[in-house]
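The values are calculated or read from the model by the stated rules, or taken from the named source; none is laboratory data. Every value quoted in this text rests on a predicted model; they were computed, and no experiment measured them. As a convention, Cβ positions derive from the backbone with ideal geometry for all residues, glycine included, and neighbour counts pool all protein chains shown.
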Amino acid sequence: MTEEFLYFKRHLSELEKRYGGEVIAISDKKVIAHGKDMNKVYEDARTIVGNKHIFVTEIPKEKELLIL
């Protein structure tokens, strides 16, 4: 598993509260971009970190079920 995915798993409850219903991009153990449109979030993240590894995912709202 990547560091970004592990960060996502460890901080899911915090991420749900802050970014519930949005798409986020994680790199270097932090959220670097977020929004409603996955393509835009990905493009923004690429602009910020270039070719570094990023993890992009939709954050469920707090009451939605997430299956990993």
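Selection within segment 30-64: residues that are modelled with pLDDT under 95 and basic (Lys, Arg). The member of this set that is farthest from the chain's Cα centre (by Cα) is Lys63.
Looking only at segment 19-39, residues that are loosely packed, with under 13 Cβ neighbours inside 10 Å and either outside any loop (DSSP other than H, G, I, E, B) or of a type outside the set (Asp, Glu) (or both) come to 5 in all. From the list Ser13, Ser27, the one residue that fits, being of a type in the set (Gly, Ala, Ser) and modelled with pLDDT of 95 or more, is Ser27.
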